[in-house]
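J.: This is the structure I have questions about; it appears just below.
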Amino acid sequence: MKRSFCLFVLCAVLCFASSAGAQEWKPPTSMKKLPNGLIVVVSEDHSAPTFGICVSYRIGFRLEPEGRTGFAHLFEHMMFEGTPNSPKGVFDRVIESGGGANNGDTRYDFTEYIETAPVSALDPLLWLEADRMKTLDFSTKNLENQRNVVEEEVRVNVMNQPYGFFFAIDLPGKAFDTYPNAHNFYGDFKDLNAARIEDVQKFYEQYYSPNNAVMAIVGDVNPNEVYEKVEKYFAGIPSRPTPPRPTMEEKPQTAERREIETDKLAKVPALAIGYRMPPPRSSSSLAAAVTGELLHNGQASRLYQALVKEKQVALSVDGGVNWPLGNPFEYNGPTLMVSFIVYPPKVTEDQLLAAYDATIRELSAKGPSQQDLDRVVTKMRSDSYGQLEIPITRASALSHAVLFTGSFESVFNMPDELTKVTPDQVREFAAKYLVSTNRTIINRVPVPASPDAGKSGGAQ
Amino acid sequence: MRFLNIVAIVALYAPCSFAQKPAPLPKDLPPYGPEKPIEAPSVKIARLDNGLTVWMVSEPGFPKLSYTVVIRGGYAADPSDRPGISELLSNTIDQGTKSRNARKIAEEFQGAGGDLSASAGPDEIEVSTTILASKAEPAIAVLADIVQNASFPDDQVALAKKNLADSLQQQEADPSFLASRAVAKVLFGTSPYHVISPTQESIAGSTPANLRKIYAQRFRPDQTAFIAVGDFRNEKMLELVKTNFGGWRAPAESPMADIGRLNPEAAHAVFLVERPGSVQTTIELAAAGPLRSDPDYESAVVANAIYGGTFGSRLTLNIREDKGYTYSPFAELNTYRAAGDFVTRADVRNAVTGATYNEMSYELNRMVTTTPTPEELTQAKRFLVGIEAIRLQSRSSVAEGLSDLWVKGLPPEEIGIYGKKIAATTSDDVDAAAKKYFPASRAAIVAVGEGKVVREALAPFGIPIQPAP
């Protein structure tokens, strides 16, 4: 899949890497809080004269209002549409002329705005981030334009694609019962069309305040100078109350949920399986993360070896905890361990599931060997370094950690923590959580396109 | 990563925006600070007695390391009765050696903190991995084993053939793939670069013996480069390379001959790929472009950045930010060892198929007929230079960039020269490149979508419409 501009594939890697650094390698990193509540993290990296910024706001799909599915993401687009001080186009012209690039990402529990550029562009970019933290150009024309752009995004990524992202949209929709966790985050077109500029304004006032944000700056910078600049540009932005966080909890699942969907664009069938996971940062979260990677990460993973190689009932296996819209540590509400399996047309759903269940059963009964566990933990450590290697992705990891826990230490301590997970903990976790009563399965089967096609199962 | 494509879809990108007429900068906006010099990676070059090229970039301080082994000969070198067999070869090269089975290979890479990625390109096959630097020794040993002793076990090849056949079937649903395949055929006719993927027939007919034969022909030290980037000392790394690759011998036969330069000429016609059920039309405009080694390559890159290669480009401003026809339009120059192409692409809702083609043609011809403003030129150049510096921060990107240069016969220093050439590009250079490569009449139009929609939308332009080859 070609992305529009290749640099931006970088941030997609975030989904995969675990959010962790390592004891042996910890770059100088510090944190400050401004009186208005904005938290700033600075991490040094002098290997190249560049920097990365990530501003994360504590707002994501889960908090978007009912009747406004897809709004958090549509809103994210509006953050690029200018302010009264710097009209549409200025931000991008300044960053591109500064030799850098920017982007945004909306997820369940945060929305992030990222920039990377040579250090000569630091001052104007901080100014521009502060500028859009003060107010936006609430323009009906721009909203109309971005509504069209977002609808094309949904068409290209969902409606015109085989599988239509069903493992990320339909699976949580079936696995969860409450609106925050179950609704279609890309948005129903009727909801996108119903969005008004007043909604944009209200959403901004509620969630886009300095006290609801964490900004991380990573690169060839001097921390004291950065804090001075941040003080200068951001200190004058007043804090605002944010709405109380509604409950996200789900009633426990008691029975397996199954569904069959048809797909007019896919040529071979696919199965998505989702197990509900323990709450974030609970005692079994680490075991969950390791189990997810043990089952899904790479060709050495248990599911790949069992389903693709030994039993030959699958073409590909992907997944993990909080996959594909995040990594196993960056979530703040109910989430799933997802397995997405594409399988040959000659294999039946029952055959595939029998092979899958045998793999899970073996893990629940015997757990992994210490040797198997060590390999997976080594891979997770290496993946986490991958996320800390360059400024823009390190800035993301740091700002998310602070957003969720108030501290960035977990980013650097995680590798140590991972090595403490025991085979018994993995076995116990699998035996408790990877059971059929805790899961949802969607089987997506191809059907020939008909003249009225264009509405694949996953898109509404 | 096997499923980077799926993962890449996941991010909900909301790129930029631009006013058609640039708004003045805010009066309080602080100016850019002083420029700091950007240092290109320093590449240490060595050559083993057996002819193996070794390029090393020592970057101490961060505990990761990228290895890439790149071998000349990819799709363009495949036998004509086995188009795309390089893909099967890259899928099976890590499935067994004389001393390791497939599972052991996968586990050894995992234990080093990496995955093995093996891929086939037009001119090369590449195997690479990014690992923990502390695992440099075990990882190079298994990598060397794969490159020298792959055995293509019968059972693993049979499985890979089956899975590849199913994946090919699945690819037939993907509009991007359908468009790229048609573009390659339209541009390159029957010349080697027209193949971007195997066919069901070529896979069905391929045997382990075919793979072993091609492997023996192509995988030889004098046609291979070993590239390492990361936390190591050059002397120590060179020792490791000698230990693991020093005993490798080239066969007596001479290596395959280079193909001469190709100058594709695309017919200015619409090539339709019918895809029933499409809610969008995928439009690609494709023409010949410069080679990576051509003197006007960088000028064309700058012209493309102004035209459609960035979020701030004219095409994006026009069909995304002004008209909202599409989410992710783009234009790019692709280079091969013996050819180049220039492609513009957008996925647009069915109703604006004709309007989008009209705007693409307009923006292409505007590049040919008018000179970009000084602001546009400066922005494009600074963007390209800065982005290159950012790209080179990642060890795997440096390895990838060096591998690409080697495949195209360029020296490693080019990795640092590129930015300087971009910075030195003048307005005249851009005009000349635009006149040469950008006229819309040079481009073939490939459209993937509902046949009726495409035919009706493009009929008014009076361009012949025919089924894609």
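J.: I'd like the FRET efficiency for B:GLU235 and A:THR178, computed as 1/(1 + (r/R0)^6) with the beta carbon distance as r and R0 of 60 Å, rounded to 0.05.
T.: 0.50
J.: OK, next. Please express the shape of the range A:257-446 as an equivalent ellipsoid: the semi-axes are the square roots of 5 times the eigenvalues of the C-alpha gyration tensor, given largest first in whole angstrom.
T.: Whole-Å semi-axes of the equivalent ellipsoid: 29, 19, 16.
J.: While we're looking at this one, here's another question. Quick one: A:GLU231, A:GLU198, fewest Cβ neighbours within 10 Å first, how do they rank?
T.: A:GLU198, A:GLU231
J.: I'd like the FRET efficiency for B:GLN171 and B:ALA355, computed as 1/(1 + (r/R0)^6) with the beta carbon distance as r and R0 of 22 Å, rounded to 0.05.
T.: 0.15
J.: First measure r as the distance between the Cβ atoms of B:SER42 and A:GLU225, then evaluate 1/(1 + (r/R0)^6) with R0 = 45 Å and state the FRET efficiency to the nearest 0.05.
T.: For R0 = 45 Å, the calculated efficiency reads 0.95.
J.: Roughly how big is the range A:8-234's charge dipole about its Cα centre, with Cβ charges of +1 (Lys, Arg) and -1 (Asp, Glu), in debye to the nearest 20?
T.: Roughly 300 debye for the range A:8-234.
J.: Continuing with the same structure: What is the P(r) of the range A:42-162, as percent of Cα-Cα pairs per 10 Å bin from 0?
T.: Result returned by the calculation: 12, 38, 35, 13, 2.
J.: Something else now. Between B:VAL273, B:VAL352, B:LEU317, whose Cα lies farthest towards the positive end of the dipole of the range B:261-467 when Lys and Arg beta carbons carry +1 and Asp and Glu beta carbons carry -1, centred on the Cα centre?
T.: Positive-end residue among those listed: B:VAL273.
J.: Here's a follow-up. Please determine, in degrees from 0 to 90 and to the nearest 10, the orientation of helix A:370-388 with respect to the longest principal axis defined by the Cα atoms of chain A, where the helix direction is its Cα long axis.
T.: Orientation of helix A:370-388: about 30 degrees from the principal axis.
J.: A further question follows. Taking the Cα centre of the range B:261-467 as origin, work out the dipole magnitude from +1 charges on Lys and Arg Cβ and -1 charges on Asp and Glu Cβ, in debye rounded to 20.
T.: With Lys and Arg at +1 and Asp and Glu at -1, about 200 debye.
J.: Shielding of A:293-300 by partners, i.e. mean partner chain Cβ atoms within 10 Å per residue?
T.: Mean shielding count: 5.
J.: Counting only other chains, and only Cβ atoms inside 10 Å, what mean value do you get across the residues of A:118-130?
T.: The shielding value for this peptide is 4.
J.: A follow-up question, please. Provide Rg over Rh for the range B:405-449; use the alpha carbon set for both Rg and the Kirkwood Rh (inverse mean inverse pair distance).
T.: My calculation puts Rg/Rh at 1.16.
J.: Relative to 2.2 N^0.38 Å, what does the C-alpha radius of gyration of chain B come to as a ratio? Two decimals please.
T.: Normalised Cα radius of gyration, chain B: 1.03.
J.: Starting from the alpha-carbon convex hull of chain A, give the projected area averaged over all orientations, in nm².
T.: Averaged projected hull area, Cα only: 21.3 nm².
J.: A 28 angstrom limit on the alpha carbon distance is what I want to check against. Which of A:LYS311/A:LYS379; B:LYS162/B:LYS452; A:LYS267/A:LYS432; B:LYS98/B:LYS161; A:LYS379/B:LYS36; A:LYS420/B:LYS64 exceed it?
T.: Pairs exceeding 28 Å: B:LYS162/B:LYS452; A:LYS267/A:LYS432; A:LYS379/B:LYS36.
J.: Using only DSSP helix segments of four residues or longer, with each worth -39500 (n - 2.57), what per-residue ellipticity at 222 nm results for chain B after dividing by its residue count and rounding to 500?
T.: -12500 deg cm²/dmol
J.: May I pose another question? With a 10 Å radius around each residue's Cβ, average the other Cβ atoms per peptide and rank A:90-101, B:80-91, B:416-427, highest first.
T.: Order by mean packing, descending: A:90-101, B:80-91, B:416-427.
J.: Then there is this: Could you name the lysines whose alpha carbon sits less than 23 Å from that of A:LYS202, not counting residues in the same chain fewer than 8 places away?
T.: Within the straight-line cut-off, A:LYS202 pairs with A:LYS88, A:LYS134, A:LYS141, A:LYS190.
J.: If you count the DSSP beta bridges with both ends in the range B:261-467, what percent of them are antiparallel, to the nearest 5?
T.: Around 70 percent antiparallel, to the nearest 5.
J.: A further question on this structure: Which order do A:TRP25, B:TRP55 fall in if you start with the one that has the fewest other Cβ atoms within 10 Å?
T.: A:TRP25, B:TRP55
J.: Once the dipole of chain B is set up with Lys and Arg at +1 and Asp and Glu at -1 on Cβ about the Cα centre, which of B:TRP55, B:TYR437, B:ASN234 lies farthest towards its positive end?
T.: Checked the options; the winner is B:ASN234.
J.: Considering every residue in B:319-328, what mean count of other chain Cβ atoms within 10 Å of its Cβ is obtained?
T.: Average neighbour count from other chains, rounded to a whole number: 6.
J.: Based solely on its DSSP helices, what 222 nm [θ] is calculated for chain A when runs of n ≥ 4 H residues each add -39,500 (n - 2.57) and the sum is averaged over all residues, nearest 500 deg cm²/dmol?
T.: -11500 deg cm²/dmol
J.: Mind checking the range A:109-151 for chymotrypsin sites (Phe, Trp or Tyr not before Pro) that DSSP puts in a loop (not H, G, I, E or B) and that have at most 15 other Cβ atoms within 10 Å?
T.: Sites meeting the loop and neighbour criteria: none at all.
J.: With +1 on the Cβ of every Lys and Arg and -1 on the Cβ of every Asp and Glu, and nothing else charged, how large is the dipole of the protein assembly as shown about its Cα centre, in debye rounded to the nearest 20?
T.: Dipole magnitude for the protein assembly as shown comes out near 880 debye.
J.: How much of the calculated P(r) for the range A:205-274 lies past 16 Å, in percent of all Cα pairs?
T.: 73
J.: What is the P(r) of the range B:62-149, as percent of Cα-Cα pairs per 5 Å bin from 0?
T.: Spelled out bin by bin, the range B:62-149 gives 3, 15, 25, 22, 16, 11, 5, 2, 1, 0 percent.
J.: Semi-axes of the equivalent ellipsoid for the range B:44-245, please: Cα gyration tensor eigenvalues, times 5, square-rooted, ordered largest first, whole Å.
T.: Largest first, the range B:44-245 gives 31, 18, 16 Å.
J.: Sorting A:THR50, A:THR437 on the 10 Å Cβ count, fewest up front, what's the list?
T.: Going from sparsest to densest Cβ surroundings: A:THR437, A:THR50.
J.: Mean shadow of the protein assembly as shown, computed from the convex hull of its alpha carbons, in nm²?
T.: Quarter of the Cα hull surface area: 33.4 nm².
J.: Compute for the range B:253-353: radius of gyration divided by Kirkwood radius, i.e. Rg/Rh, restricted to C-alpha atoms, rounded to two decimals.
T.: Value, to two decimals: 1.08.
J.: Here is a further query. Would you mind checking the tilt of helix B:136-149 against the longest principal axis of the Cα atoms of chain B, expressed as 0 to 90 degrees and rounded to 10?
T.: 90
J.: If you fit an axis through the alpha-carbon atoms of helix B:374-391 and take the longest principal axis of the Cα set of chain B, what angle between them do you get, 0 to 90°, nearest 10?
T.: 20
J.: Measure of size requested: the Rg and Dmax of the range A:8-234, with Cα atoms as the atom set and Å as the unit; please supply both.
T.: According to the Cα coordinates of the range A:8-234, Rg and Dmax are 18.3, 52 Å.
We did not get these values from a lab; they are worked out from the coordinates using the rules stated. Predicted, not measured: the structure shown is a model, and the values here were computed from it. Here Cβ is always computed from backbone atoms with ideal geometry, including for glycine, and neighbour counts include all displayed protein chains.
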